[in-house]
Amino acid sequence: MAHVTRTNPRLQQAYIDQVGPKAMEAFGLKNSHELPKLTKIVINAGIGKFLDNQKLKPEIRDQIIANFRTISGQKPIMLKAKKAVAQFRVREGMPSAFMVTLRRDRMWHFMDRLINLAIPRIKDFRGVKDKSFDQGGSYSFGLTEQAVFPEINMANATITHGMHVTFVFEKSNPKISRFVLSELGMPFVKPDETKKKLS
């Protein structure tokens with residue numbers, strides 16, 4: 001039986017060969033075990049606005065599930081509200097969101113398509129904000145509609161929905177995570193663009 005050599009996803013290999021060594025030098029890390037590790041990417045979409053009398057219509061549910069399958073290669077799970085929130089008319093047990101968690105190769109392939117195919121299709125794009133890091137270095141940002149993914153055929157869509165994407169890191173902090181994501185191609189807003197918006 002012929003031996004099949006496994007090849008890493010493109011961005012994972014770039015991290016191993018180029019980005020990791022750059023990060024070690026930039027942050028004074030002594031060995032590769034100190035490098036941050038991207039462990040998973042979590043994608044979720046809130047569905048509260050699609051509820052009709054506390055229920056989600058089957059056709060809307062099926063469309064969101066199909067969209068998640070198309071962009072991630074996995075079927076999402078449906079989350080239900082854990083507690084009631086009166087001001088939002090949310091009852092305990094109501095459908096609240098769809099979520100998918102990507103790991104290993106699927107995570108890297110999704111990240112590659114997100115950075116290089118989807119984000120550049122955002123209208124009037126000036127860069128993603130770089131303020132949404134938590135203390136552990138995980139990063140989140142939002143997309144306003146599924147149409148940014150070229151594999152989604154909007155001619156068949158009856159609804160438009162956004163989603164939040166979270167890159168979950170271990171052994172990291174905001175500075176080093178931002179460095180790693182930027183080196184992998186994440187198009188963060190440039191400082192001068194921020195100043196222009198404020199002026």
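None of the figures in this text is laboratory data; all of them are computed from the coordinates on show. These figures come from a predicted structure and were not determined experimentally. Please note: Cβ atoms are built from the backbone with ideal geometry, for glycine as well, and neighbour counts cover all protein chains shown.
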Working note, segment 17-74: Cα radius of gyration (Å, one decimal) and Dmax (Å, whole number) are 20.3, 57
Scalar couplings 3J(HN,Hα) for segment 171-179 by Karplus 6.51 cos²θ - 1.76 cosθ + 1.60 (θ = phi - 60°), nearest whole Hz, x for Gly and Pro, are 6, 9, 8, x, 5, 6, 5, 4, 4
Residue span Lys49 to Arg69: 0.36 nm per residue of separation minus Cα-Cα distance leaves a gain in nm of 5.1 nm
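Nothing charged except the Cβ atoms of Lys and Arg (+1) and of Asp and Glu (-1): what's the magnitude of the dipole of segment 115-199 about its Cα centre? Round to the nearest 20 debye.
380
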Once normalised by the length of the chain, the mean sequence separation of its alpha carbon contacts under 8 Å that are 6 or more apart gives a contact order in percent of 27
Between the residues Tyr15, Met186, Ala66, the Cα farthest towards the positive end of the dipole of the chain, that dipole coming from +1 and -1 charges on the beta-carbon of Lys, Arg, Asp and Glu, is from Ala66
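Please sort 160-172, 123-135 by packing, taking for each peptide the average over its residues of neighbouring beta carbons within 10 angstrom, highest first.
Averaged packing, sorted descending, gives the order 160-172, 123-135.
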Exposure-ranked with fewest Cβ neighbours within 10 Å first, Arg121, Arg10 stand as Arg121, Arg10
Sorted largest first, the Cα spans of segment 90-191 on the principal axes come out in Å as 40, 37, 29
HN-Hα couplings for segment 130-142 via Karplus (6.51, -1.76, 1.60; θ = phi - 60°), in whole Hz with x for Gly/Pro, come out as 10, 9, 8, 9, 8, 4, x, x, 6, 10, 10, 8, x
Binned at 5 Å starting from 0, the alpha-carbon pair-distance distribution of the chain in whole percents comes out as 1, 6, 13, 16, 17, 15, 12, 9, 5, 3, 1, 0, 0, 0
Among Lys40/Lys75; Lys57/Lys123; Lys55/Lys80, the pairs whose Cα-Cα distance exceeds 21 Å are Lys57/Lys123
Asn156 and Lys30 label points (each 7 Å along its Cα→Cβ direction) are spaced in nm at 5.5
